[in-house]
Every structure is written in structure tokens, then in C-alpha cells.
Amino acid sequence: MATTLRDIPADDWDRLARSAGLYLSHRWLSGEESDPTATASYALVRDGDGDGDGALLAAAPLYLVHSEPNAFYDPDHLDLSGPPRPRVIAGARRGYHNAPLTDPALSAERRTACLTLLRDCAREHAERHGTTHWWPYLTEAAAGQLGAVYDGAVPQRLEADATIPLPGTGFDDYLDSLPSKRRVVVRRERAAFQAAGLRIRHLPLGECHRDAGRLLAVLQSAHGHTGDNADLMTRLLGRQAEAMGEQARVTAAYDGRRMAAFSLSYHFAGTTWLRAVGTDPACSAPFAYFNLTYYLPIEAAYREGTTALHAGMKAIHAKRLRGAEITDLYALR
């Protein structure tokens, strides 16, 4: 067990994390260590005789949660079936995309053995703190693999998850992958937005997190998260900017000197991960939300050379209309 990712080389960790996604990457998790609402530890499975120097075969973050500001990671809010409320989260605590980390070169038998060790470590860690643990927002594959080592436990479905495949090498290739009627709609939405004359800028989050935090708070409030005020969202994005550095990229639409809309995304392991979107209610540009949520990030993804845009939970119908493939996310305890 490690208490900080500073003790684990980023290349070693990300060799396992690349198939699991951004929210289990070394840099993202290192940034989450500064969150005072939980204490992070890391379960590690290494090859060899236990001297601690063998190759890293499997791993999982373990968070002892002191307070949970995000209702979607609160087991009471989710009304999970099972034993009393767990206070240890296994795997990613943010991002709604989770899996245990295992070396992709492992045989099925060795992977199962590693998952069993991660299960035992999570149980022991939770028991030391007088609680239980759970794995939220597991991918379908991860839920199936983990369910097999949790005595055949049946994972509980939480949400749907959307990823837009990006074939070819440019936006026209993405358009060609859509049905003809949808191509007409996308072209119309892009043209109407472009005709509004907003200036598009591509910025590191550190240069604009205050403006982005203001717009993000407006969107969160519109979705019922009234506690997510501008100060809180600005601090959140500021911490993210500090942790992620140049990887935190913002696409912003400006009306004069005022940021009217933005999206924040990350490129990791062949996928562009859409993290946050915000639009000023005073923004008069038509289809600003769709352009900042889908079309401009898709253009950025093609420039980066990634092959998919992870669009995440909620608004699944709108994402499906724009070519998203839908899978389910599960909880296991």
C-alpha cells in the first residue's frame, strides 16, 4: 500500500491506466490527493517475491471519504442496496468512469488473481477504518471482471455513458459517419453558430479558470446543483489547472472581451475526455452549447489525433443523435 503517487513512477502507473482512462491516470489522481474531503491510499500488486521492486501488475486508488460534496458519489443519495453505507471508494473518485488497473499483458488467470488481491486490500483497508468499500461507475467490462471475484455479486446499474467514435482524420469523416438527416442538422447548427461571429480561442485552463468557473456555476445551478457557486467552481478549476498543467485545454467562445461559452477537455490514451462545459445565459449565439460540447471538441480531438470523444453521462439522447455509442456504468460493493 502506498500513501502517495509521488512514490510510483508515472510511466509505471500509466502503463496500466491507459486502458482505463483519464480519471485513473497518474497526473489526474495526483491532483486529487490535495482534495481535503478524502484521504487517498493506493493498493499495489507487484510481480516477484514481495520485496517491493517487482513490476507493477495491478493497482487501485482507495479513498477514505470524510465528506462527499458530490451527490453522485454519495451512496446515500444513490440508494445503493447492500450493507450499511460504505465510506471507502475503490478506484476513481471523480469522472464517472472507473476500473481496477491491471497490466494488459496478464493472462486471464493472473488477472483474476490480481483482482482478488485488490479486493482483499480494499476490504482490509475499509475494515481498519470501521467501514466497507464500494466501486462506483465501473465500466461494463470492469464490473464483470470484478463481480467474478466478489463471490458472484451482481453489479448495480447506475448510469449510461456516451462515447463518440471519431473515424478517419477530420471533421468531415465524423460527419460522414452520421445518418444523412443528422448531417444536415449538424451542418446547420455549426453554420448558425459561426454566423454569430464569436471569437474562438484555445487556452490553457490556468489562463481562464475564473471566467470558466463563473460559467460552470451557472450551468450547475441550472441542473439543480445550487451549492456549486462561482467561488467553489473557480477553486475547483484552479486546482485542476494547477494539477494538470498544459493538459487542461479550454476551447472558449468570446463575445468581445467576455467569455460567452467554454468547454474543458483532456487528451489521454487515444481519447479526448470532455470534462466541463459552461454557457453564459446572455450568450445569443444559436446552438452555442452543442458547438462547445460536441463540434469544437471533436475538431480539437482530430487535431490531437485521438479517435474518440468521451462525452460522459446525462443528455444521452442528444449524444446518441451525434453518433455516440452508449454503454452502462455500474456500482459494486
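For every residue, the table says whether it meets (1) over 30 Å from ARG258 (Cα atoms); (2) in contact with a Lys or Arg (Cβ under 8 Å, 6 or more places away or on another chain); (3) small (Gly, Ala, Ser).
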{"residue": "THR139", "(1), (2), (3)": "yes, no, no"}
{"residue": "ALA142", "(1), (2), (3)": "yes, no, yes"}
{"residue": "GLY147", "(1), (2), (3)": "yes, no, yes"}
{"residue": "THR163", "(1), (2), (3)": "yes, no, no"}
{"residue": "ARG182", "(1), (2), (3)": "yes, yes, no"}
{"residue": "ARG188", "(1), (2), (3)": "no, no, no"}
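Please specify each residue of the range 152-199 satisfying the condition of being of a type in the set (A, V, I, L, M, F, W, C), more than 30 Å from ASP76 (Cβ to Cβ) and in contact with a Leu (Cβ under 7 Å, 6 or more places away or on another chain). First the steps, then the outcome.
Quick first cut of the range 152-199, residues of a type in the set (A, V, I, L, M, F, W, C) only: 153-154, 158, 160, 162, 164, 166, 171, 175, 178, 184-186, 191-193, 195-196, 198.
Among the residues that remain, those that are also more than 30 Å from ASP76 (Cβ to Cβ) are: 164, 166, 171, 175, 178, 184-186, 191-193, 195-196, 198.
The answer is ILE164, LEU166, VAL186.
Could you tell me whether any residue of the range 311-330 is in contact with a helix residue (DSSP H, G or I) (Cβ under 8 Å, 6 or more places away or on another chain), of a type in the set (Ser, Thr, Tyr), assigned to a strand (DSSP E or B) and within 20 Å of GLY206 (Cα to Cα)?
No, that holds for no residue.
Pick from the range 122-141 the residues that are of a type in the set (Gly, Ala, Ser) and part of a helix (DSSP H, G or I): which of them is surrounded by the most Cβ atoms within 10 Å (Cβ to Cβ)?
From the range 122-141, those of a type in the set (Gly, Ala, Ser) are 122, 126, 130, 141; that's our starting set.
Adding the requirement that they be part of a helix (DSSP H, G or I) leaves 122, 126, 141.
Working: ALA122: 24, ALA126: 20, ALA141: 11.
That would be ALA122.
Give the number of residues within the range 234-270 that are of a type in the set (S, T, N, Q), in contact with a Gly (Cβ under 9 Å, 6 or more places away or on another chain) and crowded, with 20+ Cβ neighbours inside 10 Å.
Selection size over the range 234-270: 2.
Is it true that some residue in the range 67-80 is in a strand (DSSP E or B) and either modelled with pLDDT of 95 or more or surrounded by fewer than 18 Cβ atoms within 10 Å (Cβ to Cβ) (or both)? So that I can check it myself, show each step before the final result.
Initially, the range 67-80 is screened for residues in a strand (DSSP E or B), giving none.
The answer is no, given that none of the residues of the range 67-80 is in a strand (DSSP E or B) and either modelled with pLDDT of 95 or more or surrounded by fewer than 18 Cβ atoms within 10 Å (Cβ to Cβ) (or both).
Just to be sure before I move on: is THR279 under 18 Å from the mean Cα position of the chain (by Cα) and assigned by TED's automatic domain parsing to the domain that holds VAL185 in the structure I sent?
Numbers: under 18 Å from the mean Cα position of the chain (by Cα): no; assigned by TED's automatic domain parsing to the domain that holds VAL185: yes.
So THR279 fails the test.
Can you pull out the residues in the range 283-310 that are at pLDDT 95 or above and in a loop (DSSP other than H, G, I, E, B)?
Residues satisfying the conditions are ALA285, PRO286, PHE287, GLY305, THR306, THR307.
Of all residues in the range 14-34, how many are in contact (Cβ under 8 Å) with a residue 40 or more places away in the chain and in a loop (DSSP other than H, G, I, E, B)?
Final tally of qualifying residues: 6.
Mind checking which residues of the range 13-46 are over 19 Å from the mean Cα position of the chain (by Cα) and surrounded by 15 or more Cβ atoms within 10 Å (Cβ to Cβ)?
Filtering the range 13-46 for residues over 19 Å from the mean Cα position of the chain (by Cα) gives 36, 39, 41, 43-46.
Residues satisfying the conditions are THR39, SER41, ALA43, LEU44, VAL45, ARG46.
What number of residues within the range 1-13 satisfy the criterion of being assigned to a helix (DSSP H, G or I) and touching a residue at least 40 places away in the same chain (Cβ under 8 Å)?
Taking the range 1-13 and keeping what is assigned to a helix (DSSP H, G or I), we get 5-7, 10-13.
Those still in the list that are touching a residue at least 40 places away in the same chain (Cβ under 8 Å) too: 12-13.
Counting residues in the range 1-13 that are assigned to a helix (DSSP H, G or I) and touching a residue at least 40 places away in the same chain (Cβ under 8 Å) gives 2.
Which ones in the range 165-182 are of a type in the set (A, V, I, L, M) and either closer than 11 Å to ALA301 by Cα or in a helix (DSSP H, G or I) (or both)? Give the steps one after another, and end with the answer.
Pass one, the range 165-182, residues of a type in the set (A, V, I, L, M): 166, 175, 178.
Hits for the range 165-182 are LEU166, LEU175.
Somewhere in the range 147-168, is a residue under 20 Å from TYR294 (Cα atoms) and surrounded by fewer than 13 Cβ atoms within 10 Å (Cβ to Cβ)?
yes
Out of ARG119, ARG111, ARG93, which single residue is crowded, with 23+ Cβ neighbours inside 10 Å, of a type outside the set (Phe, Trp, Tyr) and either in the same structural domain as GLY147 (by TED's automatic domain parsing) or not in a helix (DSSP H, G or I) (or both)? Steps first, please.
Working: ARG119 fails: crowded, with 23+ Cβ neighbours inside 10 Å; ARG111 fails: crowded, with 23+ Cβ neighbours inside 10 Å.
Only one candidate qualifies: ARG93.
Would you check if LEU57 is in contact with a helix residue (DSSP H, G or I) (Cβ under 6 Å, 6 or more places away or on another chain), assigned to a strand (DSSP E or B) and of a type in the set (A, V, I, L, M, F, W, C)? Step through it out loud before you land on a result.
On the way: in contact with a helix residue (DSSP H, G or I) (Cβ under 6 Å, 6 or more places away or on another chain): yes; assigned to a strand (DSSP E or B): yes; of a type in the set (A, V, I, L, M, F, W, C): yes.
Taking the combined requirement at face value, the residue satisfies it.
Does GLY144 satisfy the criteria of being without any contact (Cβ under 8 Å) to a residue 40 or more places away in the chain, under 25 Å from ILE316 (Cβ atoms), in the same structural domain as GLY95 (by TED's automatic domain parsing) and surrounded by fewer than 18 Cβ atoms within 10 Å (Cβ to Cβ)?
Details: without any contact (Cβ under 8 Å) to a residue 40 or more places away in the chain: yes; under 25 Å from ILE316 (Cβ atoms): yes; in the same structural domain as GLY95 (by TED's automatic domain parsing): yes; surrounded by fewer than 18 Cβ atoms within 10 Å (Cβ to Cβ): yes.
For GLY144, the condition - without any contact (Cβ under 8 Å) to a residue 40 or more places away in the chain, under 25 Å from ILE316 (Cβ atoms), in the same structural domain as GLY95 (by TED's automatic domain parsing) and surrounded by fewer than 18 Cβ atoms within 10 Å (Cβ to Cβ) - is met.
Among ARG157, ARG182, ARG187, which is among the basic types (Lys, Arg) and under 24 Å from the mean Cα position of the chain (by Cα)? Lay out the reasoning, then the answer.
Details: ARG182 fails: under 24 Å from the mean Cα position of the chain (by Cα); ARG187 fails: under 24 Å from the mean Cα position of the chain (by Cα).
The unique qualifying residue is ARG157.
The values are calculated or read from the model by the stated rules, or taken from the named source; none is laboratory data. Keep in mind that this is a model prediction, so the values were computed, not measured. When we count neighbours, we look across all protein chains shown, and the Cβ atoms used for this are built from the backbone with ideal geometry, even at glycine.
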